[in-house]
1. Within the stretch 62-121, how many residues turn out to be in contact with a Cys (Cβ under 6 Å, 6 or more places away or on another chain) and hydroxyl-bearing (Ser, Thr, Tyr)?
2. Counting just the residues of the stretch 56-75 that are over 25 Å from GLN3 (Cα atoms) and of a type in the set (Lys, Arg), which one comes out most open to solvent (accessible area, probe 1.4 Å)?
3. Name every residue in the stretch 3-16 that is surrounded by fewer than 17 Cβ atoms within 10 Å (Cβ to Cβ) and either part of a strand (DSSP E or B) or acidic (Asp, Glu) (or both), in order of residue number.
4. Scan the stretch 76-89 and give yes if some residue there is farther than 17 Å from ALA14 by Cβ, among the aliphatic types (A, V, I, L, M) and surrounded by fewer than 15 Cβ atoms within 10 Å (Cβ to Cβ), otherwise no.
5. In the set ILE105, ILE99, which member is without any contact (Cβ under 8 Å) to a residue 12 or more places away in the chain and either assigned to a loop (DSSP other than H, G, I, E, B) or open to solvent by less than 40 Å² (accessible area, probe 1.4 Å) (or both)?
6. Determine which single condition SER121 fails, assuming it passes every other condition in (1) modelled with pLDDT of 95 or more; (2) open to solvent by 40 Å² or more (accessible area, probe 1.4 Å); (3) polar (S, T, N, Q).
7. Please state which one of GLY26, GLY50, GLY35 is under 15 Å from LEU4 (Cα atoms), open to solvent by less than 20 Å² (accessible area, probe 1.4 Å) and modelled with pLDDT of 95 or more.
8. Find the residue count for the stretch 34-46, including only residues that are among the aliphatic types (A, V, I, L, M) and either part of a strand (DSSP E or B) or farther than 30 Å from SER121 by Cα (or both).
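The values are calculated or read from the model by the stated rules, or taken from the named source; none is laboratory data. This is a predicted model, so every value here is computed, not measured. Ideal geometry is used to build each Cβ from the backbone, glycine not excepted, and the neighbour counts take in all protein chains shown. SASA here: full protein model, heavy atoms, side chains in, ligands and nucleic acids out. Shrake-Rupley method; radii C 1.70, N 1.55, O 1.52, S 1.80 Å.
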Amino acid sequence: QVQLVESGGGLVQAGGSLRLSCAASGSIFSIGAMGWYRQAPGKQRELVAGISSSDNRNYADSVKGRFTMSRDNAKNTVYLQMNSLNPEDTAVYSCKMTIRTSASIWFRDYWGQGTQVTVSS
């Protein structure tokens, strides 16, 4: 059994910063790629940032230069540092990890429960 728990969301004024965390726990053998997604009301979920097992990163154009994603493999945790936030960043942010458990030879995707980020103008 694997669980992903996110934290760090909240309400912030435009121009402010937040740092999201997503920690995986359970019978984890290996973690591959990780990603942060967001879904705003009435919109489709979109990829905000991704990081590979070899630490290659990619970002949505809308957050480049403002958001930084990092991972701590020893803690099975991924972070999203969000700076210069604007109201368009308001959404539920969810993390996804591709994980191989101790009981399987296959990797599969696991999702966190989501955390609300609200940016006021």
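1. As a first pass, look at the stretch 62-121 and keep what is in contact with a Cys (Cβ under 6 Å, 6 or more places away or on another chain): 78, 95, 112.
Remaining after also requiring hydroxyl-bearing (Ser, Thr, Tyr): none.
The qualifying residues number 0.
2. We begin by selecting, within the stretch 56-75, every residue over 25 Å from GLN3 (Cα atoms); these are 60-66.
Then keep just the ones that are of a type in the set (Lys, Arg); that gives 64, 66.
Working: LYS64: 117, ARG66: 38 Å².
Out of the qualifying residues, it is LYS64.
3. GLN3, VAL5, SER7, GLY10, LEU11, GLN13 - these are the residues of the stretch 3-16 that are surrounded by fewer than 17 Cβ atoms within 10 Å (Cβ to Cβ) and either part of a strand (DSSP E or B) or acidic (Asp, Glu) (or both).
4. Scanning the stretch 76-89 turns up no residue that is farther than 17 Å from ALA14 by Cβ, among the aliphatic types (A, V, I, L, M) and surrounded by fewer than 15 Cβ atoms within 10 Å (Cβ to Cβ).
5. So the residue among ILE105, ILE99 that is without any contact (Cβ under 8 Å) to a residue 12 or more places away in the chain and either assigned to a loop (DSSP other than H, G, I, E, B) or open to solvent by less than 40 Å² (accessible area, probe 1.4 Å) (or both) is ILE105.
6. Only one criterion is unmet by SER121, namely (1).
7. Numbers: GLY26 fails: open to solvent by less than 20 Å² (accessible area, probe 1.4 Å); GLY50 fails: under 15 Å from LEU4 (Cα atoms).
Only one candidate qualifies: GLY35.
8. Here is the first cut: in the stretch 34-46, the residues among the aliphatic types (A, V, I, L, M) are 34, 40.
Going one step further and asking which of them are either part of a strand (DSSP E or B) or farther than 30 Å from SER121 by Cα (or both), we end up with 34.
Matching residues across the stretch 34-46 total 1.
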